DNA sequence: ACGAGCCGCTTCCCGATGGAGAGCAGGCAC
DNA sequence: GTGCCTGCTCTCCATCGGGAAGCGGCTCGT
């Protein structure tokens, strides 16, 4: 945090979000984005817009229900845009917004961490499971 | 799987971890760490070890069941250590491992993102909800 | 000696959540 | 018409998480 006057600091304190508090809106936002489908959808859209069916194929194992639900909440939160093109059959395209890309950068780190530290976690698990 | 044949090793080397595939272990790891309680537990332990009751107090709204369950899985995955001290009453302390700190760095970014982009998300939501 | 209390779980019950699969609108092609 | 394609939406049902109560081991007050 940069320097600020006492008045600015008072205002900032009042408006500060703390995700540890259950009622804080930022905690509710954290609850929504700490979601495997959110992580995977944003990662999938990293390289440009995709259609619904392409997303479903890229993210193996996602149910249609959860994919639709996840996309809707991400759209509502301004993280991606939903575009309907009147082709035949109708084409629906999803694309990250500026805000979405900023979150995507963080979540890509998460997906990358999972992929690169897998071996360490697996060996930790087998050590743990070897205990009585 | 601790030991593997040369053929298995070759296959494993070729098969790089890809969290988009449902069966990939890294996808299962991503499923576990994309969890609000995991994020909050690791964030809470950022400044040093805490006891069970301190964690419960810091992370408002977590149930004992989920706190215990989350801590167990994090311990199993080698992200934190659980230390029982034979005081009276017994004291149980949780502390991040090296591996845990590396994930914590990523997840702190997530918690920080939620807290700092809250305003933009809230305004996106009200725009969205204003639609017919 | 007996009861009460503290800490860190563990168990049980029940409402909420997510997956599987079917249905559906609406455009065109046959 | 009948069929087929996409992008949902609905209907079940198994699983998961929250709330509350119990438990075990120890210590302190009376």
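The values are calculated or read from the model by the stated rules, or taken from the named source; none is laboratory data. Being a predicted model, the structure only gives us computed values, none of them experimental. Every residue, glycine among them, receives a Cβ derived from its backbone with ideal geometry; neighbour counts consider all protein chains shown.
Restricting to the stretch A:100-114, name every residue that is crowded, with 18+ Cβ neighbours inside 10 Å and at the interface with chain B (Cβ under 7 Å from one of its Cβ atoms). Spell out how you get there, then give the answer.
The initial filter retains those residues of the stretch A:100-114 that are crowded, with 18+ Cβ neighbours inside 10 Å, namely A:100, A:103-104, A:106-107, A:110-111, A:113-114.
Listed by number, the residues that qualify are A:103, A:106, A:110, A:111, A:113, A:114.
Scanning for something within 12 Å of chain A (Cβ to nearest Cβ) and in contact with a strand residue (DSSP E or B) (Cβ under 6 Å, 6 or more places away or on another chain), does the stretch B:20-40 turn up at least one residue?
Within the stretch B:20-40 (the criterion being within 12 Å of chain A (Cβ to nearest Cβ) and in contact with a strand residue (DSSP E or B) (Cβ under 6 Å, 6 or more places away or on another chain)), the answer is no, since none of the residues qualifies.
Being within 16 Å of residue B:110 (Cβ to Cβ) and more than 12 Å from DNA strand C (Cβ to nearest atom): is that true of residue A:93 here?
Details: within 16 Å of residue B:110 (Cβ to Cβ): no; more than 12 Å from DNA strand C (Cβ to nearest atom): yes.
Answer is no for this residue.
Would you mind telling me which numbered condition in (1) surrounded by fewer than 17 Cβ atoms within 10 Å (Cβ to Cβ); (2) modelled with pLDDT under 90; (3) part of a helix (DSSP H, G or I) residue A:26 fails?
For residue A:26, the failing item is (1).
Considering only the stretch B:32-49, state which residues are surrounded by fewer than 19 Cβ atoms within 10 Å (Cβ to Cβ), under 24 Å from residue A:131 (Cα atoms) and away from DNA strand D (no atom under 11 Å from the Cβ).
Correct list: B:49 only.
Could you list, in sequence order, all residues of the stretch A:12-23 that are assigned to a loop (DSSP other than H, G, I, E, B) and either in contact with a helix residue (DSSP H, G or I) (Cβ under 8 Å, 6 or more places away or on another chain) or away from DNA strand D (no atom under 11 Å from the Cβ) (or both)? Spell out the reasoning first.
Filtering the stretch A:12-23 down to residues assigned to a loop (DSSP other than H, G, I, E, B) leaves A:16-23.
Across the stretch A:12-23, the qualifying residues are A:16, A:17, A:18, A:19, A:20, A:21, A:23.
Quick check on my filter: what residues within the stretch A:53-84 are within 12 Å of DNA strand C (Cβ to nearest atom), surrounded by fewer than 17 Cβ atoms within 10 Å (Cβ to Cβ) and either away from chain B (no Cβ under 12 Å) or at positive phi (or both)?
Those that are within 12 Å of DNA strand C (Cβ to nearest atom), surrounded by fewer than 17 Cβ atoms within 10 Å (Cβ to Cβ) and either away from chain B (no Cβ under 12 Å) or at positive phi (or both): A:61, A:64, A:65, A:66, A:68, A:69, A:84.
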